[in-house]
Structures are given as C-alpha cells and as structure tokens.
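Structure first, then comments.
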Amino acid sequence: MADLVNSFLNLAVPPATMMMLAFSWPALCFINACEWLYNTLYTTENMDGKVVIITGASSGIGEQIAYEYAKRRANLVLVARREQRLRAISEKARYIGANSAMVIAADVVKEDECRRFVNETINFYGRVDHLVNAASLGHTFYFDEVADTSVFPILLDINFWGNVYPTFVALPYLQQTNGRVIVNASVENWLPLPRMSLYAAAKAALLNFYDTLRLEVNDEVGITIATHGWIGGEMTSGKFMLEEGAEMQWKEEREVQASGGPVEEFARLIVSGACRGDAYVKYPSWHDSFLLFRVFAPKVLNWSFRLLLSTHGTRRTSMVGVGKLKAEGSTARYTMESTSPRRLPAGPITFSQKME
C-alpha cells in the first residue's frame, strides 16, 4: 500500500508544485520586494565604529568587501597571508573612510592562527560585529586527469575549513554583539559545472554547514550566505610563482588589482545585504532559474552541459604539476583568492583568461 501511495505522489506532486509556484510567484515577488524595502529603510545596520574581520582580504572579492565596509566607516581587521598586499589595501580603505584598518597576516586553515587574529581583534577593539569569510580557492581541471592528488586537501581546506575555523573561534564574541557571519559561496554549490568537482563539493558542504548553523544559533548571530556565478577577479591575468621548497608566494611585481564592475557590484550587494540582515545574497539572481531544472528535470540540465561541452573540442588540463603531461606551451588555469599551508610542486603557474 505504501509503495502505491508513493508511486502516486511521485507522479502528482511535481506538476502540482510547479503549478502552485507559477500561481504564487507574483505574490512572492511582491512580498520579497516589500520586505527588502522595509529592511532598507528601517533595519539597515549602521556600521560606523563597528568591527569587521575580513579573511581573504588581500585580493578579489575580499578586497572589494573591505572597501565597501570602509565607505560605511567601520573598523577593519584585514586577514590574509600576504601582509605587504594587506598594508596597501588598508591604506586605501582608510582613505576611503574606514575609521581604522588593522592588518594581520594569518592562514585561515590553521585553527591556532584563526584564534590568534580573533584574540588580537578582541584585545584591540574589545568586540567583533561582522566576520566576513572571503577566502576561496578554485580550479578548472578534469578530475580524471589529475596525477598529483596533493591538491585535493588544499582545495577542501581553504574552501571549507578556511570558513569553519574562523567562525568557530569568533562565534562566542559575535553572540555577545548579536553580530553576523558573511560567507562567500558560489552557485556551484548546487549547479554542477564541469572542471569544478572539488570546488563544488566544498561549496556545497559550506552551504549546508551554515544553513544548519543558522538554526542552531537562532537569532543570536545572523548569517548571510552570498552566492555568486561567474564574475571577474584578480586571477584574470598575471603569473603565480611557486618557489622550490617554499609555500605558495605571490611575486609582488605580478600583482594584479582586483577590480571591474562585476566584482565591485557583488561586494556592494554583499555588504548591503549583510547590513539589512538578508539571509542570502545572490549575483546574478537569474542563476536560480536553473534550480527548477535541477529539482524537477535534472536530465535536461545534464543534456545542456553535455551539448555545451561538445562544442569546445578536446579537453585540456588546467593545472601544471597536477594533471597529466600535455604539449609544451599549454597554459595552466588555477584560480585562487587565498593560500594554504601545504606545499605544491615548484615551477611557474601561468593564468589564462578566466571568469571567476
């Protein structure tokens, strides 16, 4: 009997849900618009004098988020591994309007270093109001072409533990101020895109972690999950050098400023949404249209990607030292906004044009 009922519901519920969604969509849009207007006019948090910790602040989205908080006259704590780069960003942030900008070189995948920069913030400012987890590391290689699996834990460390550890350490202080955690996620957490398997897995874990944490902390700490599609970043040009026997290091003469409309717009939306108390910030929001296909017609989504892939010819490995050997002169593609404590093979990795 139970099998018969489930078989009937399997046939009836999906189309009924689609019809209900179609009829209720205008009303839902109106309610969301009213909520957005009310929060914008009456509940937007004044960040003047508030304390904001931003990880992954040395480049990309993290850098632009720092500038957005600076416009709101917040006290900034900029965290990343590249101290020299952070100092330049802190100077610009103070010029824009930040009350102060502290620079702390630390690695977010090490719990003790996370505890250090949070404790230094508390010792200096006495509080934490917002924690922005912006450190992220992407890739564009095919899983079956990987020859060196040492990159696997690096990707998972930065994209998952690099968010969890700072949150774990800062959470008691955020509860004291009814503060907020802001997370830099990605549409790949549910939209499968080729050559991003490990990145997508880490972002999916991140989304589920923070959705669950939101229920655990209730109203004591707010959580804003920012989801972006393909936007421009620091890694659209430049060269990343790995010195033999050393951890990942940037060559300062190859630094590329993270700028451009999409990155700046996404950062502005993140900070505005966090100050309004939004649970989610999405850019661009039209990506959500694919979610219906993922739920109700996953094969259509799969066929679409297969069709797109078939027009791009043969596959290319995207990371030197990780994939199989390719013809000389091939270009690696490796996207990152932060680094990790692990070591990678020596040699240059050159970026080709890529949207992040």
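In this structure, does residue 171 turn out to be over 14 Å from the mean Cα position of the chain (by Cα) and in contact (Cβ under 8 Å) with a residue 60 or more places away in the chain?
On the way: over 14 Å from the mean Cα position of the chain (by Cα): yes; in contact (Cβ under 8 Å) with a residue 60 or more places away in the chain: no.
Considered against the rule, which asks whether it is over 14 Å from the mean Cα position of the chain (by Cα) and in contact (Cβ under 8 Å) with a residue 60 or more places away in the chain, residue 171 comes out as no.
Answer yes if at least one residue in region 65-75 is at pLDDT below 95, assigned to a loop (DSSP other than H, G, I, E, B) and surrounded by fewer than 24 Cβ atoms within 10 Å (Cβ to Cβ), and no otherwise.
Here is the first cut: in region 65-75, the residues at pLDDT below 95 are none.
The answer is no; no qualifying residue exists.
Considering only region 297-317, state which residues are modelled with pLDDT of 75 or more, assigned to a helix (DSSP H, G or I) and open to solvent by less than 90 Å² (accessible area, probe 1.4 Å).
Matches in region 297-317: 298, 300, 301, 302, 304.
Of the numbered conditions (1) modelled with pLDDT of 80 or more; (2) surrounded by 13 or more Cβ atoms within 10 Å (Cβ to Cβ), residue 8 satisfies every one except a single condition; which is it?
Tallying (1) modelled with pLDDT of 80 or more; (2) surrounded by 13 or more Cβ atoms within 10 Å (Cβ to Cβ), residue 8 fails exactly one: (2).
Considering only region 80-107, state which residues are open to solvent by less than 30 Å² (accessible area, probe 1.4 Å), out of contact with any Asp or Glu (no Cβ under 8 Å at 6 or more places or on another chain) and part of a helix (DSSP H, G or I).
Hits for region 80-107 are 86, 90, 93.
For residue 154, are the conditions met, namely being at pLDDT below 95, surrounded by fewer than 23 Cβ atoms within 10 Å (Cβ to Cβ) and not charged (D, E, K, R)? Spell out the reasoning first.
On the way: at pLDDT below 95: yes; surrounded by fewer than 23 Cβ atoms within 10 Å (Cβ to Cβ): yes; not charged (D, E, K, R): yes.
Yes; evaluated as a whole, the condition is true for this residue.
Test each condition in (1) surrounded by fewer than 20 Cβ atoms within 10 Å (Cβ to Cβ); (2) in a loop (DSSP other than H, G, I, E, B); (3) in contact with an Asp or Glu (Cβ under 6 Å, 6 or more places away or on another chain) for residue 148 and report the one that comes out false.
All conditions are met except number (3).
Working carefully through the options 224, 212, find the one that is open to solvent by 10 Å² or more (accessible area, probe 1.4 Å) and at pLDDT 50 or above. Talk me through it step by step, then tell me what you get.
Details: 224 fails: open to solvent by 10 Å² or more (accessible area, probe 1.4 Å).
None of the other options fit; the residue is 212.
Looking at region 119-128, can you tell me whether even one residue there is open to solvent by less than 10 Å² (accessible area, probe 1.4 Å), more than 21 Å from residue 90 (Cα to Cα) and either more than 15 Å from the chain's Cα centre (by Cα) or of a type in the set (D, E, K, R) (or both)?
Quick first cut of region 119-128, residues open to solvent by less than 10 Å² (accessible area, probe 1.4 Å) only: 121, 128.
Of the ones still in play, those that are also more than 21 Å from residue 90 (Cα to Cα) are none.
No, region 119-128 contains no residue that is open to solvent by less than 10 Å² (accessible area, probe 1.4 Å), more than 21 Å from residue 90 (Cα to Cα) and either more than 15 Å from the chain's Cα centre (by Cα) or of a type in the set (D, E, K, R) (or both).
The values are calculated or read from the model by the stated rules, or taken from the named source; none is laboratory data. As the structure is a prediction and not an experimental result, all values here were calculated from the model. Heads up, the Cβs are rebuilt from the backbone with ideal geometry, glycines too, and the neighbour counts pull from every protein chain shown. Remember, those area values only see protein heavy atoms, side chains included, never the ligands or the DNA or RNA. Shrake-Rupley method; radii C 1.70, N 1.55, O 1.52, S 1.80 Å.
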